[in-house]
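Report on the structure given below.
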Amino acid sequence: MAVTEDDVRRALGAVPAPDDAPSLAQSPALSKISVMGGGRVIFSIETTPEQAGAIEPIRRAAEAAVKALPGVSDVLVALTAERAPGSAPAPKPQPSPMAARGARPAAPGAAAPARPSPGPQGAGVPGVRHIIAVASGKGGVGKSTTAANLALALKKQGLRVGLMDADVYGPSVPTLFALNERPEVEGKQMKPLEAHGLKIMSIGFLVDAGTAMIWRGPMVMSALTQMLTEVAWGELDVLVVDMPPGTGDAQLTMAQRVKLSGAVIVSTPQDLALADARRGVAMFRKVDVPILGIVENMSYYCCPNCGHRADLFGHGGARAEAQAMGAPFLGEIPLALAIRETSDAGSPIVAQQPDGEHAKAYGAIAEAVWKRLSTGAPGRAAPRIVIER
Ligand SMILES: Nc1ncnc2c1ncn2[C@@H]1O[C@H](COP(=O)(O)OP(=O)(O)OP(=O)(O)O)[C@@H](O)[C@H]1O
């Protein structure tokens, strides 16, 4: 029989509350309970960093109580704690969102981000030469499409490439690659899925769409850290990370926690998107991540029938902005129906039409990115020497 939210609540009636409430079921610290297909149950308990250690037994009791219910296959109970800016880290690591799937708990300190301050970057991933972030200040500018096609174009150059979808608020990689199976757990690591020769991991493979939306900063960071460190990525030349959109704490923490070789910023040519892209560049620079360059997506419209080209959004804005910011300009990708259709169909354009003009455009961007990575060229554009007569 399928488990219901009421069943879960009843079970939590026997678990002590972290506050004065008669039980956890009645406590305001209990979040919304998500019961998903297959008997997976997810909820969180709000706490403070100071209390996180003391509340751990309650978290475990809650997990055990729900796990004992008939029809429950998987339980995730997370502690969500937010730190005030500048305060000390939480005393204990929080349980990881992926623990429910049999992976190890997050590394100490991996799960309690708060407003991070600029500082040295975190750990790399053994076997992975370069981790690059594909980011955008604003949502919907084509960041995931660019990340997927960039990963494929890097692969086409003969590199060993992985793609990690860190966009917890709206993972697109499962759709982009028509992947929906659950990754296998081998020992203490999860095996990434594979498509078109890429190793792929997405938060969307682990939780149902919508669930990720209720995650708060600490859970997000915990999941992202685990996707990096507890996935059997193997030997990779490049791991492309599709970042969540925006330049908030989650992004800044990610940029800071992961040893990024550089960041690619995606923008459309409109002023508003460019202003957000500028914030993205500033954010990465704040944590000393080199800017590999800026991509102008939906740069112009090319009519598939007559070949007529129209600059719908004021094409060229990102190139000018890159120059103004002293960041390299990597190239422009047109607004093309074929790019959208192939993505929606689960086989991005570089895989679908590897010799087409769009694949060539992504190829040029991939080449420029790899050149910067392999030569260690700094993210800033080289100064131009102008001789005045
Ligand atoms: N160059 C392009 N030409 C046509 N359609 C595009 C192009 N780039 C992206 N799209 C389409 O725009 C939509 C948004 O793209 P995508 O999901 O990659 O954006 P995003 O910035 O990752 O969005 P979000 O912030 O919601 O994750 C998708 O339908 C995608 O197919």
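With the structure loaded, tell me whether VAL66 is within 27 Å of GLU186 (Cα to Cα), buried (at least 19 other Cβ atoms within 10 Å of the Cβ) and at pLDDT 90 or above or whether it fails that test.
Criteria met by VAL66.
Hey, among SER23, SER44, which residue is among the polar types (S, T, N, Q) and under 30 Å from the mean Cα position of the chain (by Cα)?
When all the criteria are applied, what remains is SER44.
Please specify each residue of the range 1-55 satisfying the condition of being in contact (Cβ under 8 Å) with a residue 24 or more places away in the chain and among the polar types (S, T, N, Q).
Correct list: THR4, SER31, SER34, SER44, THR47, THR48, GLN51.
Exactly one of these conditions fails for ALA166: (1) at pLDDT 90 or above; (2) within 16 Å of the ligand (Cβ to nearest atom); (3) not acidic (Asp, Glu). Give me its number.
The number of the failed condition is (1).
Step by step: first the residues of the range 114-131, then only those that are modelled with pLDDT of 80 or more and in contact with a helix residue (DSSP H, G or I) (Cβ under 7 Å, 6 or more places away or on another chain), then the one that is farthest from the ligand (Cβ to nearest atom). Which residue is that?
Residue satisfying both the conditions and the ranking: VAL125.
With respect to the numbered conditions (1) of a type in the set (S, T, N, Q); (2) modelled with pLDDT under 85; (3) in a strand (DSSP E or B), which one is the sole condition not fulfilled by ASN297?
Every listed condition holds for ASN297 apart from (2).
Of the conditions (1) in contact with an Asp or Glu (Cβ under 7 Å, 6 or more places away or on another chain); (2) more than 14 Å from MET298 (Cα to Cα); (3) within 13 Å of the ligand (Cβ to nearest atom), SER144 clears all except one; give me its number.
Here SER144 meets the rest and fails (2).
The values are calculated or read from the model by the stated rules, or taken from the named source; none is laboratory data. Please read these numbers as outputs of a predicted model, since none were measured by experiment. Methodologically, a virtual Cβ is constructed for each residue, glycine included, from the backbone with ideal geometry; neighbour enumeration extends over all protein chains shown.
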